[in-house]
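The values are calculated or read from the model by the stated rules, or taken from the named source; none is laboratory data. It should be emphasised that the depicted structure is a prediction, and the values quoted were computed from it without experimental measurement. Here the Cβ positions follow ideal geometry from the backbone for every residue, glycine too, while neighbour counts run over all protein chains shown.
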Amino acid sequence: MNLDPRIIGVLLATELRMIFRDRRILFTSILLPILLTPFLILISHRSIRHYEQTLKTSEHPYAVAGERTNEVRALLAQVHERLKTNQQAFKFNEKTVTDAMTSLVKDEVHFVVRGFTGGQPRATNPPAAKGVPGPVDKPEGEAEVAGALVVELVFRGDRDYSAFAAGSMADALGESRRLLRSQALVQHGFPVQVKQMAVVENREIAQPKAVAGLRLGMMLTMFLFIFIMMGGAMVAADSIAGEKERGTLETLLTTAASRLEILTAKQLSILVMAALITLIQVGNLLAFVAFKGFPGMGEMSGVLSPGIVVLLIFLCLPMAALACSALLLVSGWAKSYKEAQMYLMPMMLLGIVPALAPMLPGASLRSVLVLVPMANLAIGVRDVLTRQFDWPMLVLAWVITVGAAAWVMRWSARFLLTERMITAADRDDVEAKGGLPLFQRQVWRWFALIWASLLIVSGFSEKCDLRVQLFINLVLIFFGFCCLILRYYHLPVREALALRAPRPLVWLGVLIAVPAGFICALGAFQVANLFLPAPQAMVEQLSQSVFPAHIPAWQILLGISVMPGIFEEITFRGVLLHGLHRKLHPAVLVVVVGLVFGIFHVALFRFVPTAALGMMLAAVTLLTGSIFPAMLWHALSNALGVLAYKWQIPENGLDPSIYLLGLGLLAAAFWIFWRQRTPYPGLRPWRRQCPPG
Amino acid sequence: MSIPIRVQQLSKTFFDEGRGEVHAVREVSFECAAGEIFGLLGANGAGKTTTLRILATILKPTSGTASVMGHDVLEEPEAVRRQLGFSSSTTALYPRLTARETLDFFARINGCPPHQVKARVDYLIERFGIGDYASARVDKLSQGMKQKVALARTVAHDPPVLIFDEPTVGLDVLNAVEMQKVIAEFRAEGKAIIFSTHIMSEAEKLCDRIAIVHRGRIHACDTLAGLRAATGEHYLENIFIKSATAAAAASPGEP
Ligand SMILES: Nc1ncnc2c1ncn2[C@@H]1O[C@H](COP(=O)(O)OP(=O)(O)OP(=O)(O)O)[C@@H](O)[C@H]1O
Ligand SMILES: [Mg+2]
């Protein structure tokens, strides 16, 4: 399909001309949002209040530092004692750390309590560590009294939980001090200088800019989303569903414009409207700031430097594109304007959920959230506004959301192609016939479902025994879904799972490939580590959970080596590969199957080695046309991993020559596979075949 | 030069929730030359619209091939659509555009070179007598006026092949006759025209060759004189009924 910019221009201009002649659209897309904005602002204030409530009920770790730690601890113990009875009260507990300030910077503790002797010189500057803004003036507070204990709370204003925890702690300490005073008065019978007991002061180590950035960052995406929905929904409903209803779509589809051009123009017209609405609303918002003064919005000008604005636009574009594609999809799905409108309302409510992700306390890009389109960039926007630039994760988030937008767009393109567009048929022939063609079309839906099930179930099974977890994941979820798919589409089991005997020499190749592939995957991990350092703590934690001491070795080998070898292979090199093998070019197929395999090993730092292994396994399956070599390889490779751990073989920092050796052996193994190849049937040809003659 | 329209062994099967498989078109073959009006004559549900939609690349054939000016409908759908003008009672005009904007839009989008668009639109307005209401919005026009604009938009890019699917449905006698006149003019200009109808007199009057379609199959395909000779009937109506009943007797199993 070709994309001629001139044709798209003509389509877009006409589309916009028609939009601006529709009073219905002008009213709902432009007038109504302007009137509704004040209402929205009110709601967002409320939701921020709710979020503060959430902060209050979670437990906050802190560290104690300074010269007079014992007295500080005694003071805190009193606070603890007093608050214990109160269910609603702010919860905190001490964490022992080596260097309190570094831990604060690393987000290991939410705030630091420092004890000093009043009137004496002390280091006021927090360590010049990366990520901590410069020194802040000592706030005006109570005067220090020489010799008395001065308690200093150090926190980060650009971290919601930190600022909140320190504030609550200050309040609690103040309250305790008042109680102490009355106790002292009663005990001694004469007035005591209260200030000699303790002076509490607050120090924030974040700049006000960052605080304003946090506020803006939490709401920006949500506002953007709402504006796009308001501006785009009517246009989208009008653009495909409306045309269908009026009968103009058939006229349009018989012109020389390609489906993709039509779709692009429609998408652009929604985007233009959304941009227009956003501009109007930004003006609206600025007027609010000017008249009423938003809390904390005064520093906004400082937050938005030109560079940041460009970056923000860059981050917002995929989100806008995704939202518009989704709108178009709904419009293509619906048969009439009314029907489209009916779907759009729930979609708007549903779609706003990911846009709220930055409001989750402590939500970060270094979590599974990075894999959720829209939510990941929403968090990215917040981070950028608070000056946290986690480049690799930002790029990953961007790529994922762009991919999602493209995918949704392709999906809506299919609606323009299928017959239901202009005729009454609800299902096309592929859907009616079922079988492999239908599975090929729906394969991604299934794997998204499997992935989501794994994620949800792992949330519950986390505390279970390892053996139970493995059983649930491998047998119930993987194998269960595979059986379901095989049955649902009536796929022939032997073909779908490639249950064919390979040539005997292939087994030799596998035996060579196992250690070679293992070393190469480690190498890939090392290379990836340069870009995406894996947190050491996570690596250790993983090995602990994988190999608990009390489980006998044979059970570990069964659960970690044999069972994954069977069930994961059935899932990925069996069902997934079968579902994709006619859709993708073999080379792309290998990469895609590997990537999906990597994504399923949820932890991010395991992605690269597992994806590398997954690609090798997919390649051997395609070359031999059989799943058995991959099963053996997978099982042995996992067993090798267990043994490497048992024998304490260092997984990193192997000699470069070993990696070279591994690469060489791998090449040798694949040479064998190639010489002994019995390719997977039904693959696409390597090169596009020229038509004869 | 390639044959303007060529249809070979074309079949289309729909899958309908309630009815199951619907064989709308079965192994239909025909050709249409330049300067010829080829008529598809059939009752409701015969499969005329489905055939023509496949030619216009809106639907995909289940089997068989079809090509327009040598371009295959499956291989080069865009090239096919650039060569044809498609008009049916269900292809509507954009209500919010004016007549002039409509013609301008369809000329451009069908690949008319930008510097020629204005001259072409002016010519169309002149030729179809749209001048008086060229700047009025389409939704304000009467049925007859709309019909003229729709005809002008069908030939906006001067395509060599025209497809008319029951174009006179819903028109009064005057407008229907006007429409037939214009289609005959297009033939005189050397265009290849496919014309579907269920009205016998229309087919009789206008078509050079007629295909009698019944339940998805073409049962007879010839000039009017040829059909008369083959069946021994004079009136097209009787010819139609004769071949339809003969077909039903020949293949009683087909729904
Ligand atoms: N999308 C569809 N799904 C299921 N069946 C369909 C679909 N489109 C058409 N049909 C069926 O195919 C057959 C042929 O329909 P078609 O519209 O081609 O007939 P036609 O000759 O144009 O009739 P009419 O004179 O009513 O326009 C009919 O039985 C119709 O119900
Ligand atoms: Mg019809």
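Looking at A:486, A:499, A:557, A:505, just one residue is under 17 Å from residue A:640 (Cβ atoms), at pLDDT 75 or above and of a type in the set (A, V, I, L, M, F, W, C), and that residue is A:557. Residue under question is residue B:33, and the condition is that it be touching a residue at least 60 places away in the same chain (Cβ under 8 Å) and either within 16 Å of ligand 1 (Cβ to nearest atom) or within 11 Å of chain A (Cβ to nearest Cβ) (or both); does it hold? Spelling it out, it is not the case that residue B:33 is touching a residue at least 60 places away in the same chain (Cβ under 8 Å) and either within 16 Å of ligand 1 (Cβ to nearest atom) or within 11 Å of chain A (Cβ to nearest Cβ) (or both). Can you work out which of the residues in region B:39-59 that are in a loop (DSSP other than H, G, I, E, B) and more than 12 Å from ligand 1 (Cβ to nearest atom) is surrounded by the most Cβ atoms within 10 Å (Cβ to Cβ)? This residue is B:56.
Can you name the residue in region A:375-407 that is over 14 Å from the mean Cα position of the chain (by Cα) and among the aliphatic types (A, V, I, L, M) and is also surrounded by the most Cβ atoms within 10 Å (Cβ to Cβ) among such residues? My answer is A:385. Residue count for region B:40-64 satisfying the condition of being at the interface with chain A (Cβ under 8 Å from one of its Cβ atoms) and under 11 Å from the mean Cα position of the chain (by Cα): 2. Is it the case that residue B:12 is part of a loop (DSSP other than H, G, I, E, B), within 12 Å of another protein chain (Cβ to nearest Cβ) and within 14 Å of ligand 1 (Cβ to nearest atom)? Taking the combined requirement at face value, the residue does not satisfy it.
Got at least one residue in region A:597-605 being in the same structural domain as residue A:450 (by TED's automatic domain parsing) and at pLDDT 90 or above? Yes - at least one qualifying residue is present in region A:597-605. Among the conditions (1) of a type in the set (A, V, I, L, M); (2) modelled with pLDDT under 90; (3) within 16 Å of ligand 2 (Cβ to nearest atom), residue B:220 misses just one, which is (3).
Any residue in region B:117-131 that is buried (at least 23 other Cβ atoms within 10 Å of the Cβ), within 13 Å of another protein chain (Cβ to nearest Cβ) and of a type in the set (A, V, I, L, M)? No, region B:117-131 contains no residue that is buried (at least 23 other Cβ atoms within 10 Å of the Cβ), within 13 Å of another protein chain (Cβ to nearest Cβ) and of a type in the set (A, V, I, L, M).
Residue pairs whose Cβ atoms lie under 7 Å apart, separated by 6 or more positions or on different chains, with the first residue in region A:563-590 and acidic (Asp, Glu) and the second in a loop (DSSP other than H, G, I, E, B), are A:569/A:627. In region B:182-205, the residues that are assigned to a strand (DSSP E or B) form Cβ pairs under 7 Å with partners that are β-branched (Val, Ile, Thr) and more than 16 Å from ligand 2 (Cβ to nearest atom), at six or more places apart or across chains, as follows: B:192/B:5; B:192/B:161; B:193/B:37; B:193/B:183; B:194/B:5; B:195/B:37; B:195/B:183. Filter region B:88-108 down to residues that are more than 17 Å from residue B:122 (Cα to Cα) and either in contact with a Ser or Thr (Cβ under 9 Å, 6 or more places away or on another chain) or more than 7 Å from chain A (Cβ to nearest Cβ) (or both) and give me whichever is surrounded by the fewest Cβ atoms within 10 Å (Cβ to Cβ). Once the filter is applied, the top-ranked residue is B:90. Can you tell me which residue is nearest to the other protein chains (Cβ to nearest Cβ) among those in region B:65-87 that are away from ligand 2 (no atom under 16 Å from the Cβ) and among the polar types (S, T, N, Q)? In this case the residue turns out to be B:83. In region A:67-89, the count of residues that are at pLDDT 75 or above and within 29 Å of residue A:214 (Cα to Cα) is zero. Taking the listed residues A:502, A:515, the one that is touching a residue at least 24 places away in the same chain (Cβ under 8 Å) and part of a helix (DSSP H, G or I) is A:515, with no other qualifying.
Of all residues in region B:60-72, those satisfying the criterion of being in a loop (DSSP other than H, G, I, E, B) and of a type outside the set (Gly, Ala, Ser) are B:60, B:61, B:62, B:69. Do you know which of the residues in region A:315-352 that are assigned to a helix (DSSP H, G or I) and of a type in the set (D, E, K, R) is surrounded by the most Cβ atoms within 10 Å (Cβ to Cβ)? Residue satisfying both the conditions and the ranking: A:339.
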